[in-house]
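Participant: There's a structure below that I have some questions on.
What follows is calculated from the coordinates using simple rules that are stated; it is not laboratory data. Everything quoted here is computed from the prediction, not taken from an experiment. Positions of Cβ are generated from backbone atoms using ideal geometry, with glycine treated the same way; all protein chains shown enter the neighbour counts.
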Amino acid sequence: MNAIGSRSRVEGREKVTGEARYAVEHPVPGAAYAWVVQSTVAKGEITAFDTADAEALPGVLTVLTPDNAPELAPVSDGELAVLQGRKVSYRGQIVAAVVAETLETAREAARLVRVTYAARRHDVRLTPDHPGRYTPDEAEDGPWQARQGDPEDAFRAAPVRIDCTFTTPAEHNNPMEPHATLAAWDGDALTVHDSNQGPSTVRSTLAKVFELDPARVRVISPHIGGGFGSKGTPRPNVVLAAMAARAVGRPVKLAFTRRQMYALTGYRSPTVQRVRLGAAEDGRLTTIIHESFEQSSTVREFAEESTTPTRVMYRAPNRRTAYHLTRLDVPSTSWMRAPGDAPGMFALESAMDELAVVLGLDPIELRVRNEPDGHPEDGRPFSSRNLVACLREGAARFGWSDRDPTPGVRRVGRRLVGTGVAAATYPVLRSPAQATARANADGSYTVRIAAIDLGTGARTALGLIAAETLKADPAQVTVEIGDSDLPRAGLAGGSAGTAGWGTAVVRACEALLSKLNGHVPPEGVEAAADTTEEVKGQGDEYARHSFGAHFAEVEVDVDTGEIRVPRMLGVFATGRIVNAKAARSQFLGGMIMGLGMALMEESVLDEAFGDHLTADLAQYHIPANADVRDLDAVWLDEHDPHVNPMGTKGIGEIGIVGAAAAITNAVHHATGVRFRTLPLTPPRVLPEL
Amino acid sequence: MRPFAYERAATAEEALARCDEETRYLGGGTNLVDLMRLGVERPARLVDVTRLPHDRIEERSSGALRIGAAVRNSDLTAHPAVRRHHPMLVQAVLSGASGQIRNQATVGGNLLQRTRCSYFQDITKPCNKREPGTGCPAIDGEHHNLAILGHSESCVATHPSDMAVALAALDATVLTRGRGGERAIPLADFYRLPGSHPERDTTLEPGELVTAVEVPPLAMPSRYRKVRERASFAFALVSIAAAADVRDGVVRDCRIALGGVAHRPWRARRAEDHLRGRPLTRENLAGAADQELAAAHPLRDNAYKLRLARNLIVRTLLELGERA
Ligand SMILES: Cc1cc2nc3c(=O)[nH]c(=O)nc-3n(C[C@H](O)[C@H](O)[C@H](O)COP(=O)(O)OP(=O)(O)OC[C@H]3O[C@@H](n4cnc5c(N)ncnc54)[C@H](O)[C@@H]3O)c2cc1C
Ligand code: SF4
């Protein structure tokens, strides 16, 4: 399929042979190890520390507590105020840390640190009518809420109405590599090998927190074992490792355990979402009201923004979207793959399916009838929008046309079979970056940018982009990324990495081409680019979004409530594809996460203790190979001249958006039962069959 | 974690001689080492028992199989005699954990793995099984995958082993060696119900070593079926090991054991008794399941297990009957 290229990851060999080093794997002489002590109450004050036993353990170098930890400069993210006070805001918060000669000693000593608390009553339960609920900027239209027309009146007047509430659980990102840092000081210069989604951001944050000249901070991150958003903001590990290294005057390695990650590295907020749709008999929507209730910790405000995708999906003259937050005594929520869009589109696309069933209309046809001409809120043209084409292409490939819409009637042995569809969308974003491109005397090229490869193949993609601009063979282009000493760049996040970094790479390569006159001197020729003006100057005359369609077939065992997904198809319109091979993996990975979201992923919160119980991969279920059967992802040949010089739209997240709804809609088609609470595990499904 | 000594024993005598209160036998370590990392287990010494001469599967003249305690789970499932005679045992073991873990795990360790109750695994929380007398937060907390049968006010945990459920249906015997000599403990007496001593999973004496499991022959088709929250690599919500001798539509004999419902593999003798001599019909099977499950006391969030167990009994035996 159409793409700039199709190339295996350039660092693939290093990775499969184990040569590639991840953060704490970098060998450094004299490294010490840090281990965190976490609070065992969800709210209160620490009244006393007893560190004597821990300190007495041979091999312990120091025990850091709020009493002896150095003061840090405040930053907006409260999670980074590590050991800055005795207040406890959630269960699992870092309250002390041990640094020791070995990992095992540090871990054992951490157990010996005794912390006494004055616990206060905690509140960790999210309810839509929570008294602490708030909607900032209540009066104004903005990200929190948007309104056109008279949505409530229109709903009351609508001939056909859907009013339903969907619930999604907390979900944890669970990248393979935990959040980990190796920190070393040389005088007042700090170097960290760190697992993150943006070395430039980590550098500027560390510089602020430790009040250093950013030029004295270096963040090295050549390989990252996944992040899915959880490494998008610097985490306590990087601050604590640096603090500990300074305290003991040695390099310090700190890696969170899987279990610790459940409290310390973010997760998707649970959501309760009410969707109201009003439609005419022919299926045309007259009103859409989508409200979401989400949680945030008391340390850091973060909104999942589940209603955002609803703003761009369907035409309706009357509309309102709003999300509300409640601050609870829970660990901090944060980005997780397609924040907002993933849970939001589960709710919207389930509601659309419910409407199609009520109307007796094909769910694809219902979506086609509500396809807007421009942005549904303000009529701005879309830079490109091929939702309908995705639905049609998918329908043809999946064999949708001979589908009998009647729910609950197809049976194979003891299994009910059904199919479902849902739409997907994701915004096209990009952030400014700098890059350099160099022509070397031997005919090769070197591109440098502080981009990062989470495992997505960013290095390879940027090489393809550079090679295309330079009209060179990709094998001639070396891409240097993953180091804050390289030209500054934005995060791998918001599916914006390739778009933002790629723009800078294209511009640097163009600048290089204009400097080259055929002859390359021995010292080479270098050109630089900074896309700040270009990116910030891009107007919003167009609405820029990706679209897609998911199709799923499910089998539901009537005796056990087990659901299997024999087939899933995703069709995407995401502009130009850079690397066909890696892009397919991205889409498939997103879809598999959607499968997990639909059927098994759930972080169970214990209300009595206030923490997430399912704190390992034996309890927090993600799809195993056996869950993933016939899975396919394809893309349309979409040309969009209004996004960026490559014409790309970003593909990291759209694969998960809508995937869960396609599956749950298929479950309804199979069983005739509508499940509105995720995930659809046998304990939830069986009682309803 | 607490520093510990690691020793290897070459014989059972040696292992026993080295074992004291602060010692644990080490099989594959797939459960024990995890629990040591979590601080749930804090032995001062590990005695590795995988080199003992208990790593063979022997066919006895009686037709019984003697499976050494150090036999790896994968080797058990690959053994021709086990495959030929006990499909349900093979299916049970293969349905557990992952290929990598089964390569490492031993039969002895599998029998003695600890519950997966979340609270048990978290030393910052109370748990009667881990620290007697501290309480059982699971009763009012998260228990969707805990017991519906045979639990007590002190503990509602389930035993996680799939293999043990098949062994319960097979009337297996656990062979042990302790300070008092050798014992042969029928599986039915090997695992305990929690009662007021949930800290004790089995009737083993301190330091008693499992040397083998003896499985008598079974001349009936058998099957293991496990329901879980994903297609593989998850513990059972409910599982069933079943065998049936059905002739002319009548159940001559049968075996039924349930997993995921109790502190031990749950041999469904009432259901078996109800079925013997009766035609293999959906109604009779449902009746048998109801007889067994009449004693169940589901917790707030696990009543679904009643229906699941009932459906599994009906369906699995019907499928076995179809094959007869
Ligand atoms: C992620 C994961 C998923 C899993 N899923 C499943 C599943 O679905 N189904 C399932 O059944 N199991 C499952 N397991 C558990 C697995 O089966 C057990 O961990 C394994 O069988 C234990 O065997 P081991 O030899 O490694 O035991 P070890 O960890 O070495 O020992 C376990 C216990 O047995 C004791 N012990 C070992 N050998 C002897 C002996 N000869 N005599 C006396 N005491 C002894 C040890 O002291 C220890 O207390 C899973 C495990 C993991 C980690
Ligand atoms: S059910 Fe048993 S193992 Fe779980 S918390 Fe209660 S006592 Fe502990």
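Participant: If each of B:A17 and B:R282 carries a label point 7 Å out from its Cα toward its Cβ, how far apart are those two points in nm?
Facilitator: In this crude spin-label approximation the distance works out to 6.4 nm.
Participant: Once the piece of chain linking A:T127 and A:A56 is laid out straight, how much longer is it, given 0.36 nm per residue of separation minus the C-alpha distance between them?
Facilitator: Additional length available on full extension: 20.9 nm.
Participant: Given R₀ = 51 Å, what would the calculated FRET efficiency be for A:A396 paired with B:E58, taking r from the Cβ atoms and rounding to 0.05?
Facilitator: Given R0 = 51 Å and the Cβ-Cβ separation, E is 0.25.
Participant: Find which of A:A73, A:A154, A:N174 sits farthest along the positive direction of the dipole of the protein assembly as shown, computed with +1 on the beta-carbon of Lys and Arg, -1 on that of Asp and Glu, about the Cα centre.
Facilitator: Farthest towards the positive end: A:N174.
Participant: Sticking with this structure for a sec: Where does the stretch B:1-139 land on Rg(C-alpha)/(2.2 N^0.38 Å)?
Facilitator: 1.18
Participant: What's the extension gain from A:E104 to A:V634 if we count 0.36 nm per residue and subtract their Cα-Cα distance?
Facilitator: Using 0.36 nm per residue and subtracting the Cα-Cα distance, I get 186.0 nm.
Participant: In debye to the nearest 20, how big a dipole does the protein assembly as shown give about its Cα centre with +1 on each Lys and Arg Cβ and -1 on each Asp and Glu Cβ?
Facilitator: That gives the protein assembly as shown a dipole magnitude of about 2080 debye.
Participant: On alpha-carbon atoms, Rg over Rh for chain B using Kirkwood Rh?
Facilitator: Computed over Cα atoms, the ratio is 0.96.
Participant: May I ask you to evaluate 6.51 cos²θ - 1.76 cosθ + 1.60, the Karplus curve with θ = phi - 60°, for each residue of the stretch B:279-296 and list the ³J(HN,Hα) values in order in whole Hz, giving x for glycine and proline?
Facilitator: For the stretch B:279-296, the Karplus curve yields x, 7, 10, 4, 5, 5, 5, 5, x, 4, 4, 5, 4, 5, 7, 4, 7, 6 Hz.
Participant: Nearest 20 debye, what's the magnitude of the dipole of the stretch A:429-536 about its Cα centre given +1 on Lys and Arg Cβ and -1 on Asp and Glu Cβ?
Facilitator: Its charge dipole is roughly 220 debye.
Participant: Using packing as a proxy for protection, rank A:640-647, A:48-55, A:228-235 so that the peptide with the highest average count of other Cβ atoms within 10 Å comes first.
Facilitator: Ranked from most to least packed, the peptides come out as A:228-235, A:640-647, A:48-55.
Participant: List the residues whose amide H sits under 5 Å from the amide H of B:V246, counting only those 5 or more places along or on another chain, with H placed 1.01 Å from N in the peptide plane.
Facilitator: Hits under the 5 Å cutoff: B:R252.
Participant: Here's something else I'd like to know. Let me know the volume per residue of the alpha-carbon convex hull for the stretch B:222-323, in Å³.
Facilitator: Here the figure is 93 Å³ per residue.
Participant: Same structure again: Measuring from a point 7 Å past the Cα of A:D378 along Cα-to-C-beta, which residues in the stretch A:298-339 have an amide N at less than 19 Å?
Facilitator: Residues passing the 19 Å test: A:307-323.
Participant: With every atom except the alpha carbons ignored, what do you get for Rg and Dmax of chain A, in angstroms?
Facilitator: Calculated on Cα positions, Rg and Dmax stand at 25.7, 77 Å.
Participant: So what's the gap between the Cα centers of the stretch A:371-419 and the stretch A:498-530, to the nearest angstrom?
Facilitator: First find each Cα centre; the distance between them is then 44 Å.
Participant: Here's another thing I want to ask about it. Place +1 on the Cβ of every Lys and Arg and -1 on the Cβ of every Asp and Glu in the protein assembly as shown, take the dipole about the Cα centre, and give the residue among A:T326, B:T211, A:S514 whose Cα lies farthest towards its positive end.
Facilitator: Comparing the listed Cα positions along the dipole, B:T211 ranks first.
Participant: Expressed as a whole number of Å, what is the distance separating the alpha-carbon centroids of the stretch A:167-210 and the stretch B:102-162?
Facilitator: Computed from Cα coordinates, the inter-centre distance equals 36 Å.
Participant: Still on this model: To the nearest 500 deg cm²/dmol, what mean residue ellipticity at 222 nm is calculated for chain A from DSSP H runs of n ≥ 4 alone, each contributing -39,500 (n - 2.57), summed and divided by the residues?
Facilitator: Roughly -7500 deg cm²/dmol at 222 nm, from the helical runs in chain A.
Participant: While we're here: Specify which residue in the list B:L46, A:A467, A:A423 is farthest towards the positive end of the charge dipole of the protein assembly as shown, using unit charges on the beta carbon of Lys, Arg (+1) and Asp, Glu (-1), about the Cα centre.
Facilitator: Most positive-ward Cα: B:L46.
Participant: Further question on the same structure: For a quick size check, give me the Cα extents of the stretch A:600-641 along its three principal axes, largest first, whole Å.
Facilitator: For the stretch A:600-641, the Cα extents along the three principal axes come out at 53, 32, 12 Å.
Participant: If amide hydrogens are placed 1.01 Å from N in the peptide plane, which non-local residues have theirs closer than 5 Å to the one on A:V219?
Facilitator: The list, which skips near neighbours in sequence, is A:V192, A:S484, A:D485.
Participant: Using Cα pairs under 8 angstrom and six or more residues apart, how large is the relative contact order of the stretch B:222-323, in percent?
Facilitator: With pairs under 8 Å counted, the relative contact order is 26 percent.
Participant: Counting Lys and Arg as +1 and Asp and Glu as -1, each charge on the Cβ, what is the dipole of the stretch B:5-48 about the Cα centre in debye, to the nearest 20?
Facilitator: 180 debye
Participant: I've got another one for you. Looking at the stretch B:5-48 from every direction and averaging, what is the projected area of its Cα convex hull in nm²?
Facilitator: That works out to 2.9 nm², a quarter of the Cα hull's surface.
Participant: In whole Hz and in residue order, list the ³J(HN,Hα) couplings for the stretch A:307-321 that follow from phi through the Karplus curve 6.51 cos²θ - 1.76 cosθ + 1.60, θ = phi - 60°; x for Gly and Pro.
Facilitator: Running phi through 6.51 cos²θ - 1.76 cosθ + 1.60 with θ = phi - 60° gives 8, 4, x, 4, 5, 10, 7, 10, 6, 6, x, 10, 7, 8, 10 Hz.
Participant: How big is D for the stretch A:59-102, in µm² s⁻¹ as a whole number, if Stokes-Einstein is applied with the Kirkwood radius of its Cα pairs at 10 °C and 1.306 mPa s?
Facilitator: For these conditions, the coefficient is 138 µm²/s.
Participant: Another one. Below 8 Å between Cα atoms, with a sequence gap of 6+, how large is the relative contact order for chain A in percent?
Facilitator: Relative contact order comes out at 17 percent.
Participant: Another question, then. Which whole-number percent gives the relative contact order of chain B, counting Cα pairs below 8 Å spaced six or more residues apart?
Facilitator: 17 percent
Participant: Which cross-chain or sequence-distant (5 or more) residues have an amide H under 5 Å from the amide H of B:T202, H modelled 1.01 Å from N in plane?
Facilitator: Answer set, sorted by chain and number: B:R192.
Participant: Show which aspartates and glutamates lie in cross-link reach of A:K471 when reach means a straight Cα distance below 15 angstrom and same-chain residues fewer than eight apart are skipped.
Facilitator: Correct list for A:K471: A:E510.
Participant: Could you sort the peptides B:74-82, A:263-271 by per-residue average Cβ neighbour count (10 Å cutoff), highest mean leading?
Facilitator: Result, highest mean Cβ count within 10 Å first: A:263-271, B:74-82.
Participant: What does the structure give for B:232-238 when I average, per residue, the other chain Cβ atoms found within 10 Å of the residue Cβ?
Facilitator: 4
Participant: Can you tell me which of A:489-496, A:297-304, B:199-206, B:38-45 comes out highest on packing, and rank the rest after it, using the mean Cβ neighbours within 10 Å?
Facilitator: Packing order, densest peptide first, comes out as A:489-496, A:297-304, B:38-45, B:199-206.
Participant: Students often get this wrong, so check it: of A:K253/B:K125; A:K231/A:K581; A:K43/B:K125, which have C-alpha atoms separated by over 19 Å?
Facilitator: Check vs 19 Å cut-off fails for A:K253/B:K125; A:K231/A:K581.
Participant: Pop out the ³J(HN,Hα) list for the stretch A:322-337 in order, Karplus 6.51 cos²θ - 1.76 cosθ + 1.60 with θ = phi - 60°, rounded to Hz; leave Gly and Pro as x.
Facilitator: Running phi through 6.51 cos²θ - 1.76 cosθ + 1.60 with θ = phi - 60° gives 7, 10, 10, 10, 10, 7, 10, 7, 10, x, 6, 6, 6, 5, 9, 1 Hz.
Participant: Restricting to bridges with both residues inside the protein assembly as shown, how much of the DSSP beta-bridge set is antiparallel, in percent to the nearest 5?
Facilitator: 75 percent
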